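The values are calculated or read from the model by the stated rules, or taken from the named source; none is laboratory data. If you're wondering where the values come from, they're calculated on a predicted model, not measured in any experiment. As a convention, Cβ positions derive from the backbone with ideal geometry for all residues, glycine included, and neighbour counts pool all protein chains shown.
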Amino acid sequence: MKNTGLKVSEYFFIRENQPTPIYEVAEEFEEAACSTRFTFPSEPIPVVATHKPKQAYQIPDVLLEPALAISKRLFDLMQLEQLYGANWIPIKLIDQGEHDFMMLQLAHEVDVICHEQSIFKRFKRGYISGMKTLVIDPDKLAQTPLDKRQVFRDSSWGFYTFFHKDIVNQIMLHSPTGIEFVPIETFNESWAG
């Protein structure tokens, strides 16, 4: 693998950092919300808490379920609308009242994982179903212009979304509650599939 000057630490994964319910889209709205095809609902899609933590919790600024969603108040302060391969739809979180969020629909994949140096739990028919060690191939990464790899999933491992540091900085500038970004070089199989 040739070093192209790109640093793996330019990319991050996101994870929850506070007790948060499991949120789900009502079944009749699943197709409009949970799709790799972009949808344009005329009204916010209702999202409800199905499994709540036993301890008290606050509604976070950023949700990871059913997909990445940012409170509308925070979203309006950012410039995330034009991410390549992404669409944002309005959702109405129904938990401790009603809260407006914008949820990401992501239909963008980039092949960046080094299949020779990464260690997979299972790799079958071109897809990774578990990962022990993650190594990014800088040559693969360099083949895609930066504006087309700000937020993406790897084409063989769609479990996690990769966030470029520019997007991370834009989000973290507003000190959102509920999440943290973790450099991908600190990847740990205990918190990822």
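For this structure, a couple of remarks:
- Qualifying residue in segment 30-52 (condition: among the charged types (D, E, K, R), within 17 Å of Gly178 (Cβ to Cβ) and in contact with a Phe, Trp or Tyr (Cβ under 9 Å, 6 or more places away or on another chain)): no
- Leu68 vs. criteria within 27 Å of Leu134 (Cα to Cα), touching a Gly at 6+ places or on another chain (Cβ under 8 Å) and modelled with pLDDT of 90 or more: no
- Residues of segment 116-147 classified as exposed (fewer than 15 other Cβ atoms within 10 Å of the Cβ) and at pLDDT below 85, total: 13
- Assessment of segment 83-95 against the conditions (modelled with pLDDT under 90, among the β-branched types (Val, Ile, Thr), closer than 27 Å to Gln170 by Cα and out of contact with any Cys (no Cβ under 7 Å at 6 or more places or on another chain)) yields no matching residue.
- Single residue of Pro41, Pro60, Pro53 found to be in a loop (DSSP other than H, G, I, E, B) and buried (at least 18 other Cβ atoms within 10 Å of the Cβ): Pro60
- Here Met78 clears all of (1) farther than 25 Å from Arg153 by Cα; (2) touching a Leu at 6+ places or on another chain (Cβ under 9 Å); (3) surrounded by fewer than 16 Cβ atoms within 10 Å (Cβ to Cβ) except the condition numbered (1).
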